[in-house]
Amino acid sequence: MKMKGAQMVCEALIAEGVKTVFGYPGGAIMNVYDEIYKQDGFEHILNRHEQASVHAADGYARASGEVGVAMVTSGPGFTNAVTGLATAYMDSIPMVVISGQVPLSLIGTDGFQEIDAIGISRPCTKHNFLVRELSDLPRILKEAFHIARSGRPGPVLVDIPKDITAEIGEFVYPDRINIPSYNPTVKGNKRQIEKAINAIVKAKKPLLYIGGGAVLSNASDLIREFAQTTQIPAVETLMARGVMGAKNPLLLGMLGMHGNYASNMAMSETDLIISLGARFDDRVTGKLSEFAKYAKIIHIDIDPANIGKLVNVDYPIVGDVSNVLTKLINGINGKVNPEAYSDWREVLERYDALHPQSYEDSNKVLKPQWIIERLGELLGEEAIITSDVGQHQMWTAQHYPFDRPRQWINSGGLGTMGFGFPASLGVKKAKPEKTVVNITGDGSILMNIQELVTAAEYKIPVINIILNNHFLGMVRQWQTFFYEERYSETDLSFQPNFKALTEACGGVGYDVSTKKEFDEALKDAIEKDKVAFINVQVARFENVLPMVPANGALYNMMLPTKNIEAKETK
Amino acid sequence: MNEVRRVISVLVENESSVLSRISGLFAGRAYNIETLTVAPIPNSNHSHITIATKGDEKTLEQITKQLHKLIPVYKVIEHNQMVEKEMVLIKFPIEQNLADIQVLCSAYNGGIVNVGEEMIIGMVADEPFRVKHFIEASKRYNPIEVVRGGVVAIER
């Protein structure tokens, strides 16, 4: 069939099963928008900033497991999208972003709204394409989706010059992929898996270390089964919250900089780490030379470059977590006595009893941790929670009872403030039947506040809870601990009237400063079924604890019960 | 950790942005490039890139793995048993002794490739350490300009 390049883009998206595209039009992408106007195969959501479009597509992908799609114009449209690409890249989120480019003849001339999108996005995409011939366009789109979702997933950029979208050509969407140089290893090596099984059988203090790759690989059920069969305790990274389920007695909690005592001690004392889609990030390991000193390591990861990057690995297994775990479960059947680790589990239970994840509640002022716990009591498994970046993010990860994967959506790797609200819009589009709550702070929320308009226009009823401490809280916390309380540029006392702002944009706003008010506001917001902002005044100087100072040893935690006077470890 | 030198061959799809993907990877992850050469492989749509780099074992392992991750990369060869050659062109003033320079170049498997009104150009293609020695030895003839190529290598 003959058609314009622009129509090919729409046809390809429809062929890929895309239901929702987030984007913003502009000169170089107008041909495609003209075709979007004519089609009804997918819905287009007009965000009010390209960064928000990409985060929304990202949220859509994280909630659904499908490839998220965003569309932007050239130049500033593209550069605004870069933070979104980098966010998705760091968390391995499958996404295709289509950007307009100036016509081929103008490339390299510093044309109006021209920027080298391929050059800029190279380090923050899994791959990118500049389309130079119309005849390549269908193949490139097919490959973009394939690359985005296969292997270690990631964002792919397709940059399309304006004359290509205007040109007419024959459209045949390929049904086969042929990229001879790209062939990710999915199946784990049998020999390596056997060695790993032997190591598990021999171990006395094994520990499951679960990362975001477990979510991406949809391995939650298998991991729960493996843990149940072997009775090996587990810790989750920030990105893996929900994989084991909050009620699972084998789950110790989250580890790392703001991990709980038992998790970090388990990691410090284990003799065998079974790493499932985790990558030994510096926020998890703390000081490397002190990290898991007594442990052998089984590292299961689909990306060979993750293996041996930071820690030396004894049993490397390249492959998809689900694939490898299926073989691991079959192989270990009957070989492990679940009683074998009972002493180890007891030690860890004692650690947890010694320093449980806790905070001191107050009658005078709302504690942010109470808000999260209360939210968990009221919504629990039903809701999907997104967050921005900062203290509120850590409190949510620590205190919300996540029961299933893809219930917790946040920017872990890049730590992008302003991610949560636009991402929540994508989440709600992907899972309209769920209550979607974005936990945010008074710093982060202003970084994509314009999405109030998008949410109101498209009637996307996400509930934002601002844990408002009138501070750029996490930076303030570091200033308290490590910079002798010099609060350089972190006091956010001057701020908008969030309730009025929300209402001015067509949402509902609430000001909350008591527990009762919070319950009422949340109930009302759910009933109103509109985009809502619940502005909660919380304790100003509350800190996220436990805390392992940057590059400190994981077992050296600042704990809530102790006097907090630490110096940053060099 | 101990830094070692390594020569890596990368076989890639011959497309416009592939060199920037590789050089950008090295720059972005703070890997060293000593030399880098690239040329298309005859009768194919592939190119052969040869990179001489330095780093500790961990870094070298990462370099190989990160190169593998790039979509247009077919093959990464860490050379072990290899024949390695590098080329150099040196321009001398015409006043220098032509015969001396001829003999010097010959000693390093090269020769004089051009003599003009104002200058003599010598060329040598040899192993990198020999090229280095040649450049040292040529200094007494007051070279005006020295242009070194990157290394190319082939596994034995």
Matching residues, the range A:118-133, being more than 8 Å from every other protein chain (Cβ to nearest Cβ), out of contact with any Leu (no Cβ under 8 Å at 6 or more places or on another chain) and not aliphatic (A, V, I, L, M): A:E133
Condition check for B:L36: under 20 Å from the mean Cα position of the chain (by Cα), in a strand (DSSP E or B) and modelled with pLDDT of 95 or more: yes
Enumeration of residues in the range B:121-150 that are in a helix (DSSP H, G or I) and under 19 Å from B:A99 (Cβ atoms): B:F134, B:A137, B:S138, B:K139, B:R140, B:Y141
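Is it the case that A:D352 is open to solvent by 40 Å² or more (accessible area, probe 1.4 Å), touching a helix residue (DSSP H, G or I) at 6+ places or on another chain (Cβ under 7 Å), over 30 Å from A:P422 (Cα atoms) and in contact (Cβ under 8 Å) with a residue 40 or more places away in the chain?
Numbers: open to solvent by 40 Å² or more (accessible area, probe 1.4 Å): yes; touching a helix residue (DSSP H, G or I) at 6+ places or on another chain (Cβ under 7 Å): yes; over 30 Å from A:P422 (Cα atoms): yes; in contact (Cβ under 8 Å) with a residue 40 or more places away in the chain: yes.
Considered against the rule, which asks whether it is open to solvent by 40 Å² or more (accessible area, probe 1.4 Å), touching a helix residue (DSSP H, G or I) at 6+ places or on another chain (Cβ under 7 Å), over 30 Å from A:P422 (Cα atoms) and in contact (Cβ under 8 Å) with a residue 40 or more places away in the chain, A:D352 comes out as yes.
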Residue pairs meeting the criteria (Cβ under 8 Å; at least 6 apart or on separate chains; first within 14 Å of chain B (Cβ to nearest Cβ), in the range A:176-191; second open to solvent by less than 100 Å² (accessible area, probe 1.4 Å) and of a type in the set (K, R)): A:I177/A:K142; A:P184/A:R152
Tally of residues being within 13 Å of chain A (Cβ to nearest Cβ), open to solvent by less than 70 Å² (accessible area, probe 1.4 Å) and either out of contact with any strand residue (DSSP E or B) (no Cβ under 9 Å at 6 or more places or on another chain) or farther than 16 Å from B:G150 by Cα (or both) across the range B:29-61: 7
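Considering only residues that are within 14 Å of another protein chain (Cβ to nearest Cβ) and closer than 24 Å to B:E86 by Cβ, look in the range B:1-20 and name the one that is nearest to the chain's Cα centre (by Cα).
First, the residues of the range B:1-20 that are within 14 Å of another protein chain (Cβ to nearest Cβ): B:1, B:10-20.
After this cut, where a residue has to be closer than 24 Å to B:E86 by Cβ as well, the list is B:10-12, B:14, B:18-20.
Numbers: B:V10: 14, B:L11: 16, B:V12: 18, B:N14: 20, B:V18: 19, B:L19: 15, B:S20: 18 Å.
Among residues in the range B:1-20 that are within 14 Å of another protein chain (Cβ to nearest Cβ) and closer than 24 Å to B:E86 by Cβ, the one nearest to the chain's Cα centre (by Cα) is B:V10.
When you go through A:V365, A:V347 one by one, which is the residue that is more than 26 Å from A:L207 (Cβ to Cβ) and either surrounded by 12 or more Cβ atoms within 10 Å (Cβ to Cβ) or modelled with pLDDT of 95 or more (or both)? Working first, answer last.
Working: A:V347 fails: more than 26 Å from A:L207 (Cβ to Cβ).
Only one candidate passes the filter, namely A:V365.
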Complete set of residues in the range A:288-329 that are under 25 Å from A:G154 (Cα atoms), among the β-branched types (V, I, T), more than 13 Å from chain B (Cβ to nearest Cβ) and surrounded by 20 or more Cβ atoms within 10 Å (Cβ to Cβ): A:I298, A:I300, A:I317, A:V321, A:V324
Residue in the range B:100-115 that is assigned to a helix (DSSP H, G or I) and within 14 Å of chain A (Cβ to nearest Cβ) present: no
Some residue of the range A:204-215 being assigned by TED's automatic domain parsing to the domain that holds A:L238 and open to solvent by 50 Å² or more (accessible area, probe 1.4 Å): yes
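Where in the range A:60-154 are there helices (runs of 4 or more DSSP H), lying fully within it, with 1 or more residues that are outside the structural domain of A:D320 (by TED's automatic domain parsing) and of a type in the set (S, T, Y)?
Details: elements: A:76-90, A:117-121, A:137-149.
Ranges flagged: A:76-90, A:117-121.
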Selected residue [at pLDDT below 95 and either more than 29 Å from A:Y458 (Cβ to Cβ) or polar (S, T, N, Q) (or both)] from A:E377, A:E339: A:E339
A:G506, sole failed condition from (1) surrounded by fewer than 12 Cβ atoms within 10 Å (Cβ to Cβ); (2) on the phi > 0 side of the Ramachandran plot: (1)
Subset of the range A:100-151 [among the hydrophobic types (A, V, I, L, M, F, W, C), open to solvent by 10 Å² or more (accessible area, probe 1.4 Å) and within 23 Å of A:Q51 (Cβ to Cβ)]: A:F112, A:I115, A:I118, A:I120, A:C124, A:F129, A:L130
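So is A:T87 of a type in the set (V, I, T), within 14 Å of chain B (Cβ to nearest Cβ) and open to solvent by less than 10 Å² (accessible area, probe 1.4 Å) or not? Talk me through it step by step, then tell me what you get.
Values: of a type in the set (V, I, T): yes; within 14 Å of chain B (Cβ to nearest Cβ): no; open to solvent by less than 10 Å² (accessible area, probe 1.4 Å): yes.
No, not satisfied.
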Which numbered condition A:A199 fails, given (1) more than 14 Å from chain B (Cβ to nearest Cβ); (2) closer than 30 Å to A:V336 by Cα; (3) open to solvent by 50 Å² or more (accessible area, probe 1.4 Å): (3)
Long-range neighbours under 9 Å by Cβ, at least six apart or interchain, first residue open to solvent by 40 Å² or more (accessible area, probe 1.4 Å) within the range A:471-487, second basic (K, R): A:Y487/A:R476
Where A:T396 falls short, out of the listed (1) assigned to a helix (DSSP H, G or I); (2) within 19 Å of A:A278 (Cβ to Cβ); (3) open to solvent by less than 50 Å² (accessible area, probe 1.4 Å); (4) not charged (D, E, K, R): (2)
Qualifying residue in the range B:62-84 (condition: part of a helix (DSSP H, G or I), within 9 Å of another protein chain (Cβ to nearest Cβ), free of Cβ contacts under 8 Å to residues at least 40 places away in the same chain and of a type in the set (D, E, K, R)): yes
Subset of the range A:334-344 (residues that are in a loop (DSSP other than H, G, I, E, B) and open to solvent by less than 60 Å² (accessible area, probe 1.4 Å)): A:V336
Residues of the range A:236-280 satisfying the condition of being assigned to a strand (DSSP E or B) and either out of contact with any Phe, Trp or Tyr (no Cβ under 8 Å at 6 or more places or on another chain) or more than 15 Å from A:V215 (Cβ to Cβ) (or both): A:E236, A:L251, A:L252, A:G253, A:M254, A:L272, A:I273, A:I274
Selection status of A:V321, closer than 23 Å to A:A61 by Cα, outside the structural domain of A:E433 (by TED's automatic domain parsing) and out of contact with any Lys or Arg (no Cβ under 6 Å at 6 or more places or on another chain): yes
Failed condition for A:Q537, given (1) under 27 Å from the mean Cα position of the chain (by Cα); (2) assigned to a helix (DSSP H, G or I); (3) of a type in the set (S, T, N, Q): (2)
Selection from the range A:167-183 of residues that are closer than 18 Å to A:L13 by Cβ, open to solvent by 20 Å² or more (accessible area, probe 1.4 Å) and in contact with a helix residue (DSSP H, G or I) (Cβ under 7 Å, 6 or more places away or on another chain): A:F171, A:V172, A:Y173, A:P174, A:I177
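The values are calculated or read from the model by the stated rules, or taken from the named source; none is laboratory data. The model shown is predicted, which means the values in this text are computed figures rather than measured ones. Here Cβ is always computed from backbone atoms with ideal geometry, including for glycine, and neighbour counts include all displayed protein chains. Each accessible area value is taken on the protein alone, full model and side chains, heavy atoms only, with ligands, DNA and RNA left out. Shrake-Rupley method; radii C 1.70, N 1.55, O 1.52, S 1.80 Å.
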